[in-house]
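Student: Dropping the structure in here first, questions after.
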Amino acid sequence: MSARSRSSSPEFDPLAFDQDFTPLPEYKAPTDTALDFGGLLPEPLKLHEDLKTGCGGQLWPAGMTLAKHMLRYHGNKLQKARILEIGAGGGLVGLAVATGCSYETPMYITDQLEMEELMAHNITLNGLNDKVKSMILNWGEPLPEEIVALKSDTILAADCVYFEPAFPLLLQTLKDLLALEPNATVYFCFKKRRRADMQFLKAARKTFNITELEDEDRPVFTREGLFLYAFTRK
């Protein structure tokens, strides 16, 4: 996997899209979904989707894109990684990595209290209790002791840009995480839905080095308003 500066590919600049580039997807009833990410998993990942406690309970496009990227380019590169997912919802990205990638240190998938039950359910559904732990992590608040001790060097964040008042909180949490481990990388994927979403990216550029990740599917998912980055500490 390689990365390159956003300035080298202006045709893919998310700021170039109009304000109403894509509508929010419709919500759906609770369901169980099996995913093998185009054959990247030997056995399908099982995810229960349920919106009863919030919109994080369903699969969202950036999560699918980031999960597929991690499986395709990092399957054999995470053996010593300390992995954390923030804004995990039902745990799609982290659980895909846990199923398809080799690593030694148990992973944490995190979100707000409302998502805790669903995260735990999906961990158990896939028999990953020894490899994955769920935890509450509220953006903008002091990091839990377990997360501080983890000092994650591989941070997963998908579809975390959707609510403008939360942007400063998300930025603070990313700053706190990278302060713990200066060599950490945040793998960050989002779908542009409105112009306000770009304010997060503008603010992030002031704090982090941001590069666009190479991916063989990038021409396809970029046309769908999806953008895939690596954030590192300046």
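Student: Kindly provide the GluC sites (Glu not before Pro) of the stretch 121-227 that DSSP labels as loop, not H, G, I, E or B, and whose Cβ sees at most 10 other Cβ atoms within 10 Å. Present the calculation step by step, with values, prior to reporting the outcome.
Tutor: Numbers: sites: Glu145, Glu146, Glu212, Glu214, Glu216, Glu224; in loops: Glu214, Glu216, Glu224.
Passing sites in the stretch 121-227 are Glu216.
Student: Give the lysines whose C-alpha is closer than 29 Å to that of Lys175, dropping any in the same chain fewer than 8 places away, or say none.
Tutor: Lys68, Lys77, Lys80, Lys131, Lys133, Lys151, Lys191, Lys192, Lys202, Lys206, Lys234
Student: Against the globular-protein guess of 2.2 N^0.38 Å, express the Cα radius of gyration of the stretch 137-234 as a ratio, rounded to two decimals.
Tutor: Details: Rg = 13.5 Å, N = 98, 2.2 N^0.38 = 12.6 Å.
Relative to the 2.2 N^0.38 Å estimate, the stretch 137-234 comes out at 1.08.
Student: Report the full-extension gain for the segment Asn129 to Glu43: residue separation times 0.36 nm, less the Cα-Cα distance, to one decimal in nm. Each step should come with its number before you reach the end.
Tutor: Numbers: separation 86, 0.36 × 86 = 30.96 nm, distance 1.70 nm.
This chain segment gains 29.3 nm when fully extended.
Student: Long-range amide H contacts for Glu85: which residues qualify at under 5 Å (H placed 1.01 Å from N, peptide plane, sequence gap of 5 or more or a different chain)?
Tutor: Under 5 Å from the amide H of Glu85 lie the amide H atoms of Tyr108, Ile109, Thr110, Leu156, each far enough along the sequence or on another chain.
Student: Then there's this: Mind giving me the nanometre distance, one decimal, between the label points for Thr232 and Glu214, set 7 Å out from Cα along Cα→Cβ?
Tutor: 1.5 nm
Student: Given 0.36 nm per residue, what is the gain on full extension from Arg223 to Asn138 after removing their alpha carbon distance, in nm?
Tutor: Details: separation 85, 0.36 × 85 = 30.60 nm, distance 3.18 nm.
Working it through step by step, the gained length comes to 27.4 nm.
Student: Still on this structure, please answer the following. Exactly which GluC sites (Glu not before Pro) in the stretch 101-137 are in a DSSP loop and have at most 12 other Cβ atoms within 10 Å?
Tutor: Values: sites: Glu104, Glu114, Glu116, Glu117; in loops: Glu104.
The qualifying sites are Glu104.
Student: Need one number: nm distance between label points at Phe163 and Lys80, each 7 Å from Cα along Cα→Cβ, rounded to one decimal.
Tutor: For the pair Phe163/Lys80, the computed spacing is 3.8 nm.
Student: A further question on this structure: Could you state the accessible area per residue of the stretch 33-175 in Å², with a 1.4 Å probe and every protein chain left in place? Working shown, then result.
Tutor: Details: 5930 Å² over 143 residues.
That works out to 41 Å² per residue.
Student: Something else about it: Please compute the Kirkwood hydrodynamic radius over the stretch 105-172, one decimal place, Å, based on all pairs of different Cα atoms. Could you put the intermediate results ahead of the total?
Tutor: Values: mean 1/r = 0.0762 Å⁻¹.
Result for the stretch 105-172, one decimal place: 13.1 Å.
Student: Would you mind telling me the share, in percent, of accessible area of the stretch 43-136 contributed by carbon and sulfur at probe 1.4 angstrom? Walk me through the numbers before you get to the answer.
Tutor: Values: 1830 of 3650 Å².
Ligands and nucleic acids excluded, carbon and sulfur reach 50 percent.
Student: Okay, next question. Label-point separation (nm) for Gln112 and Asp36, each offset 7 Å from Cα along Cα-to-Cβ?
Tutor: Going by the 7 Å Cα→Cβ label model, 3.7 nm.
The values are calculated or read from the model by the stated rules, or taken from the named source; none is laboratory data. In this text, all values refer to a predicted model and were calculated from it rather than measured experimentally. Counting neighbours? That spans all protein chains shown, and the Cβs are built from the backbone with ideal geometry, glycine included. Quick note on the areas: whole protein, heavy atoms, side chains included, nothing else; ligands and nucleic acids left out. Shrake-Rupley method; radii C 1.70, N 1.55, O 1.52, S 1.80 Å.
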